[in-house]
1. Before we move on, is THR33 of a type in the set (Val, Ile, Thr) and either surrounded by 15 or more Cβ atoms within 10 Å (Cβ to Cβ) or in contact with an Asp or Glu (Cβ under 7 Å, 6 or more places away or on another chain) (or both)?
2. Of the residues that sit in region 1-30 and are small (Gly, Ala, Ser) and either in contact (Cβ under 8 Å) with a residue 60 or more places away in the chain or in contact with a helix residue (DSSP H, G or I) (Cβ under 8 Å, 6 or more places away or on another chain) (or both), which one is least open to solvent (accessible area, probe 1.4 Å)?
3. What number of residues within region 31-47 satisfy the criterion of being under 10 Å from the mean Cα position of the chain (by Cα) and not β-branched (Val, Ile, Thr)?
4. Look through VAL74, VAL91 and report the one residue that is modelled with pLDDT of 95 or more and farther than 17 Å from THR33 by Cα.
5. Of the residues LEU49, LEU18, LEU5, which single one is among the hydrophobic types (A, V, I, L, M, F, W, C) and touching a Leu at 6+ places or on another chain (Cβ under 9 Å)?
6. Restricting attention to region 71-89, and to residues there that are open to solvent by less than 60 Å² (accessible area, probe 1.4 Å) and of a type outside the set (A, V, I, L, M, F, W, C), which single residue is nearest to SER48 (Cα to Cα)?
7. Considering only region 56-115, state which residues are in contact with a Leu (Cβ under 7 Å, 6 or more places away or on another chain) and over 26 Å from ALA41 (Cα atoms).
Amino acid sequence: MLALLLMGAIVLGQRVSLKWALAYVTYTTNIGTAYFEHSWAPLGHLWSLSVEEQFYLIAAPLFLVTSARNARFVVIGIWAVAVASLVSLSVQHAPLITFVTDSFICFGMLAFGSF
């Protein structure tokens, strides 16, 4: 998809932002949105795919080394980190977009679905 969009942008003479292109390729769109730009990227909807990929990069190994009996403790730990992130961002008066796209808050929501 990204290759097709890049080719289309070149054909149409559109300027391509290197920083966002790198964020799309490395699945860090949500981090750029939440902590650097505080606004949506040109392909802003890719933030959710970034969160999902980051979650599986971190959570999958945790669940692989944890017995099924103790998996709930991994989920509870992820929730604890999500709450800590939510509190930390609240204390800092972070912009609303940061709460929406923060990896750890979103990890908590994804973990909720696995409980």
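The values are calculated or read from the model by the stated rules, or taken from the named source; none is laboratory data. Keep in mind that what you see is a predicted model, and the values were worked out from it rather than measured. Ideal geometry is used to build each Cβ from the backbone, glycine not excepted, and the neighbour counts take in all protein chains shown. All accessible areas refer to the heavy atoms of the entire protein, side chains included, with ligands and DNA or RNA removed. Shrake-Rupley method; radii C 1.70, N 1.55, O 1.52, S 1.80 Å.
1. Judged against the criteria, THR33 is a match.
2. ALA23
3. Adding up the residues that qualify gives 4.
4. Criteria check complete, one pass: VAL91.
5. That would be LEU5, the only listed residue that is among the hydrophobic types (A, V, I, L, M, F, W, C) and touching a Leu at 6+ places or on another chain (Cβ under 9 Å).
6. That would be SER85.
7. Selection gives VAL74 alone.
The rows are residues; the columns are (1) open to solvent by 80 Å² or more (accessible area, probe 1.4 Å); (2) among the aromatic types (Phe, Trp, Tyr); (3) in contact (Cβ under 8 Å) with a residue 24 or more places away in the chain.
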site	(1), (2), (3)
GLY44	no, no, no
VAL51	no, no, yes
ALA60	no, no, no
PHE99	no, yes, no
